[in-house]
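Here's the structure we're looking at; comments come further down.
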Amino acid sequence: MAALDARLQVERAAFRLDLSLTAAPGEVVALLGPNGAGKSTALRALAGLLPLTAGHLSLDGTLLEDPASGLHTPAEERPVGVVFQDYLLFPHLSALDNVAFGLRCRGLRRTAARTEARPWLERMGLADHALARPGSLSGGQAQRVALARALAVRPRLLLLDEPLAALDARTRLDVRSQLRRHLAEFEAVAVLVTHDPLDAMVLADRLVVIEDGRQVQAGTPADIARHPRTDYIARLVGLNLYRGTADGHTVTLPDGTALSTADELTGPAFVSFPPAAVTLHRGRPDSSARNAWPLTVAGLDLHGDQVRVDLTGPLPLAADLTPAAAAELDLAPGTEVWAAVKAAQTHAYPA
């Protein structure tokens with residue numbers, strides 16, 4: 001039986017969320033989507049901070065919310081822990097008392113709450129910072145205090161709202177690794193809200209991609225990365241993506257452009273390939289590539305140690321080149337080039 005079983009329907013002035021969400025005990029689910037997709041609305045609804053307009057929310061077989069019957073369990077009465085984006089630590093309390101705060105809200109006296117909170121700080125590697133106040137902690141340390149506070153009340157549902165967004169790049173690497181370890185030890189359900197694909201891919205067992213208040217794709221990180229089904233997901237995982245109709249090893253797009261693929265299909269299909277699979281030439285290529293199009297450079301940008309070239313024309317696409325290759329081709333906005341992709345480097349799958 002699913003530990004979390006929810007149909008989150010929320011009507012707001014100019015927005016409607018309609019999302020079904022289930023999770024097994026010990027599962028980490030990431031809600032991934034662009035700004036305004038409904039991720040934070042879903043998290044607030046799960047926490048009880050935003051009432052459902054319709055649907056239901058059940059946790060470990062206990063119904064927490066059912067608008068049809070008027071049931072709405074208040075946020076403070078739900079077995080839910082939340083780690084907010086900016087952590088919301090109390091600046092006047094020590095790290096230990098911040099962790100103990102939720103326990104005191106559950107009725108424990110100060111001494112007992114501190115006694116129970118201390119092992120959580122030790123688990124986070126912060127035993128030496130028990131008396132420190134948030135202002136003297138690093139971003140990574142503050143994040144771990146917030147996580148310890150959320151876990152100390154032994155929630156059955158842990159909600160993490162962009163938990164790494166406030167960290168610098170170097171700290172983020174370390175804290176992401178630590179967070180993954182802590183989530184692996186968590187026995188209940190964790191729901192992570194993020195717009196960062198790397199956070200989602202590393203931390204989650206399953207991704208639920210939301211656009212415009214609805215699920216557009218769900219699956220394991222590997223499946224999502226290999227089979228994107230929307231332009232947003234394709235951009236996240238770094239692929240060029242097209243939809244058309246397959247007939248054998250050819251997929252024809254709505255405008256008539258044909259792509260040769262290594263995969264054999266019939267019917268509606270997607271075709272994807274990475275920017276690194278694209279080669280650029282100043283003239284028509286004399287190569288074995290069966291896919292070649294005359295395109296125009298629309299822009300260039302550094303993408304890691306590569307140059308990402310955005311191209312427009314019959315088949316708008318992105319190509320990744322080494323800086324040396326980009327310089328040799330003398331690329332600039334407006335430059336006309338030929339782009340080629342070998343069929344063996346494309347991937348076609350049913351739409």
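All of the numbers you see were taken from the coordinates with simple rules; none came from a lab. None of these values were measured; they are calculated from a predicted model. Please note: Cβ atoms are built from the backbone with ideal geometry, for glycine as well, and neighbour counts cover all protein chains shown.
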Spherically averaged projected area in nm², based on the convex hull that wraps the Cα atoms of the chain:
21.7
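Need the full-extension length gain, H92 to A54, defined as separation in residues times 0.36 nm minus the C-alpha distance. One decimal, nm. Numbers along the way, then the final one.
Working: separation 38, 0.36 × 38 = 13.68 nm, distance 3.99 nm.
Computed gain between H92 and A54 is 9.7 nm.
Multiply the residue separation of A169 and A276 by 0.36 nm, subtract the distance between their alpha-carbon atoms, and state the gained length in nm to one decimal. Before the final figure, lay out the partial values.
Details: separation 107, 0.36 × 107 = 38.52 nm, distance 2.45 nm.
Contour length minus Cα-Cα distance gives 36.1 nm.
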So if I take the centroid of the Cα atoms in the stretch 86-125 and the same for the stretch 135-164, what is the distance between those two points in Å?
11
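Quick test of the membrane-span-like rule: which DSSP H helices of the chain reach at least 24 Å along their long axis (C-alpha atoms) with mean Kyte hydropathy at least 1.6?
On the way: long enough: 169-185 (25 Å, -1.09).
Sorted by number, there is nothing, because no helix extends far enough and scores high enough.
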Which of V145, V297, V28 fluctuates most in a GNM of the chain (C-alpha springs under 10 Å)? That residue is V297
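Just order 216-226, 34-44 by mean Cβ neighbour count inside 10 Å, highest at the front, would you? If you can, show how the numbers build up before the last one.
Numbers: 216-226: 16.0, 34-44: 19.4.
Packing proxy ranking, top to bottom: 34-44, 216-226.
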Counting only backbone N atoms under 17 Å from a point 7 Å out along Cα-to-Cβ of A184, the residues of the stretch 27-54 in range are 27-29
Can you list the residues, at least 5 places off or on another chain, whose amide H is less than 5 Å from the amide H of V278, using H built in the peptide plane?
D320
Each label sits 7 Å from Cα toward the beta-carbon; between C105 and R12 the label points are separated, in nm, by 2.1
Taking amide H positions as placed in the peptide plane 1.01 Å from N, state which residues far from L158 in sequence (5 or more) or on other chains have amide H under 5 Å from it.
G81, V189, A190, V191
Hey, rough spin-label estimate for T322 and A24, points 7 angstrom out along Cα→Cβ, what's it come to in nanometres?
4.5
Per-residue HN-Hα couplings for the stretch 209-219, Karplus 6.51 cos²θ - 1.76 cosθ + 1.60 at θ = phi - 60°, whole Hz, x for Gly and Pro?
8, 10, 9, 6, x, 9, 6, 10, 6, 8, x
Label points 7 Å out from Cα along the Cβ direction at E264 and H195: separation in nm?
4.4
Cα point-scatterer Debye curve for the stretch 24-64, base-10 log of I(q)/I(0) at q = 0.21, 0.26 Å⁻¹:
-0.83, -1.08
